[in-house]
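Have a look at the structure below, then the notes.
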Amino acid sequence: MRSRGPVLNASLALAGVALGLFVSGKTGGPVQWPVAVLLSLLAGIPLGFVWRHPLAVCAYQSALLIVSDRFSVFTTDTVQTLLPVVVGLLAYRGTWRAIVPGAVLAGAATAVNLADAGTALDFGFWYFPLGMSAVPVIVGRYLRSPIETVAEVERRPGLDLLLACCGVAFMVLDTWTGWHAGPWPVWGVGWFVIGCGLTAGLVRLLPGTAFALQALLVVLADQNAQFAANSLQGLFLVTLGAFAMYASWSWTFVAYLVASVVTALNIVDGTTEVTPLRVASLMAMVAAPVIVGRYLGVRRAAAELQLAMAEEARQLAAERTRADLLAERERIARDVHDIVAHHVGAMVLRAGAAQYAAPSGPVAEALADIRTTGHRVLEDLRGLLDVLRDPGQAHLPVADPEEVVRDAVERMNAAGLEVELRLGPGTELAPLVTRASAARIVQEGLTNVLKHAGPGTRAVVELKESGGALQVNVLSGPPPGPRDALPSSGRGITGMRERARALGGDLSAGPGRDGGWRLTAVLPVERAGHSCGMTPQHRLLPWRREEGELV
């Protein structure tokens with residue numbers, strides 16, 4: 001990932017300094033403001049270098065935590081809060097060779113900070129230093145996982161669960177030592193703290209709701225659970241930054257005012273002296289997450305725009321490639337048509353001339369057969385040219401259309417239907433595209449009969465020539481017994497109707513008079529074929545040829 005630039009670095013440093021000033025004002029001790037500003041700068045400014053030098057900043061913060069613990073100054077609390085953030089960024093940016101020593105330094109500094117005279121170094125003591133190092137490492141390595149699209153991330157509820165768990169862990173680990181203080185019982189304080197942490201799970205999907213809830217909880221904690229107010233205040237500022245990522249500038253300004261008031265209620269009490277410096281520090285502390293949130297929101301919008309532009313560019317490239325392929329396909333089809341049509345046309349003309357000059361007998365019959373076959377080739381060639389021009393019509397069967405029809409009838413008879421095939425005297429004459437479409441309609445119609453009526457149903461497939469068109473009828477009788485209706489997509493009849501209309505025909509389907517089903521398609525022969533200067537008799541082509549004999 002690229003460096004985020006000086007804006008984010010300055011925002012991180014500002015947030016660290018603001019946190020130090022906030023903690024100094026909350027202590028209420030005799031710390032003078034020059035000392036408070038100096039210590040806040042020492043604790044917060046290094047956070048601006050954490051993106052490029054996370055291990056060095058982690059070592060510095062660990063050393064500063066140990067030094068400030070020896071002098072019992074408020075900076076200890078500031079550094080102890082910032083140290084897990086530094087460890088998380090180290091886990092996100094660095095390798096394990098840097099993560100392990102950084103986490104060990106942070107854990108050791110936390111242990112030194114917690115250890116007092118007479119403290120028992122048992123499991124109850126060590127789990128907090130270990131948790132302050134292990135949890136940021138886990139979160140940082142998780143965020144290092146492969147980048148997903150915004151839509152994919154937003155559909156993952158596991159992230160909301162992770163945020164809720166992190167919120168609960170942060171609140172519990174930071175407040176458990178003070179659960180016995182205050183007017184509430186320990187179990188009530190525990191559930192209150194857990195509820196405060198769970199609100200972090202709403203930050204992604206409902207940032208406004210999470211912000212409002214945490215504002216109320218901060219005020220409530222300030223009045224009844226003061227030991228948890230500071231921790232909840234930090235969680236509240238994080239939620240403010242998340243809200244600023246998604247909200248408009250007007251709502252962000254409203255949220256900033258609300259957060260400033262809530263933070264002032266939490267920090268200021270009857271003994272706090274209100275000075276211009278403290279007011280400016282409070283305003284800066286609340287503004288820091290807003291600045292970071294707005295910056296991340298702009299980056300998020302730019303990433304979404306970049307992804308959308310990349311997807312649009314990919315689609316345009318695919319369409320351009322498809323258009324080039326179609327143009328090349330049509331050019332080849334035209335070249336093939338012109339070459340073959342020229343030679344076949346010459347052959348037909350010569351065969352016609354020889355037919356009139358030759359005496360009657362086998363020679364004349366052979367010439368007539370050559371002429372008829374040539375006309376058929378020209379008609380089929382034009383139909384294939386239409387298919388090459390439009391890949392959506394590339395549905396011609398590889399086998400002879402009559403064989404496709406007979407095979408469909410045999411398959412349905414084997415499946416349990418009782419199908420009768422009737423070929424009228426005019427059905428053996430039709431162009432290739434028309435015959436192919438008729439064969440597909442027969443296949444689909446018989447499939448529907450088997451699907452909806454079931455085995456044992458009688459059906460009739462009829463193909464006949466009617467008024468210059470090829471008529472296809474698939475008639476089925478009533479089912480032999482009760483049968484539950486099967487689910488259907490409804491695309492079968494629609495697809496057959498579109499196929500018929502592509503040839504200039506029409507298709508109708510509906511219940512028959514005897515309780516069965518009727519499917520009728522009319523496919524014009526004249527539209528499917530092309531004149532080419534031939535008579536209608538020459539445009540009607542044989543359905544099948546066997547050993548030089550017309551059937």
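So, counting K/R as plus one and D/E as minus one, what does the shell of residues with Cβ under 14 Å around TRP96 add up to?
Once positives and negatives cancel, what remains is +4.
Using modelled backbone amide H atoms (1.01 Å from N, in-plane), which distant-in-sequence or interchain residues come within less than 5 Å of LEU421's amide H?
For LEU421, whose amide H was placed from the backbone, the distant partners under 5 Å are VAL461.
Across the stretch 406-419, in residue order, what do the Karplus-derived ³J(HN,Hα) couplings come to in whole Hz, using 6.51 cos²θ - 1.76 cosθ + 1.60 with θ = phi - 60° and x for Gly and Pro?
4, 5, 4, 5, 5, 5, 5, 4, 5, 7, x, 6, 10, 9
For a quick check: with amide H placed at 1.01 Å from N, whose amide H comes under 5 Å from ASP506's, ignoring anything fewer than 5 positions away on the same chain?
VAL522
Can you work out the Karplus-derived ³J(HN,Hα) for every residue in the stretch 37-50? Use 6.51 cos²θ - 1.76 cosθ + 1.60 with θ = phi - 60°, whole Hz, and x for glycine or proline.
Couplings: 5, 4, 5, 5, 5, 4, 7, x, 4, x, 5, x, 9, 5 Hz.
Going highest first, how would you order 75-84, 299-308, 206-215 by mean Cβ packing within 10 Å?
Packing proxy ranking, top to bottom: 75-84, 206-215, 299-308.
Roughly how compact is the stretch 256-308, stated as its Cα Rg over 2.2 N^0.38 Å to two decimals?
1.63
Once Lys and Arg get +1 and Asp and Glu get -1 on their Cβ, which of SER250, ALA284, THR239 lies farthest toward the positive end of the dipole of the stretch 237-339?
It is ALA284, whose Cα lies furthest towards the positive end.
Could you sort 436-448, 498-510 so that the peptide with the highest average Cβ count within 10 Å comes first and the rest follow in order?
Result, highest mean first: 436-448, 498-510.
Over the stretch 223-336, with every protein chain in place, what whole percent of the accessible area is carbon and sulfur at 1.4 Å, could you tell me? Don't skip to the answer; put the middle values down first.
Working: 4470 of 6660 Å².
Carbon-and-sulfur percentage of accessible area, whole number: 67.
Tell me, what ³J(HN,Hα) does each residue in the stretch 275-282 have, in order and in whole Hz, if you take phi through Karplus 6.51 cos²θ - 1.76 cosθ + 1.60 with θ = phi - 60° and put x for Gly and Pro?
10, x, 5, 5, 5, 5, 5, 5
Long-range amide H contacts for ALA469: which residues qualify at under 5 Å (H placed 1.01 Å from N, peptide plane, sequence gap of 5 or more or a different chain)?
Those qualifying (amide H under 5 Å, at least 5 residues apart or on another chain) are VAL525.
Over the stretch 31-100, average the accessible area per residue using a 1.4 Å probe and give it in Å², no decimals.
Per-residue value: 49 Å².
The values are calculated or read from the model by the stated rules, or taken from the named source; none is laboratory data. What you see is a predicted model; the values in this text were computed from it and never measured. Note: ideal-geometry Cβ built from the backbone for every residue, glycine included; neighbour counts use all protein chains shown. To get the accessible areas, we keep the full protein, side chains included, count just its heavy atoms, and leave off ligands, DNA and RNA. Shrake-Rupley method; radii C 1.70, N 1.55, O 1.52, S 1.80 Å.
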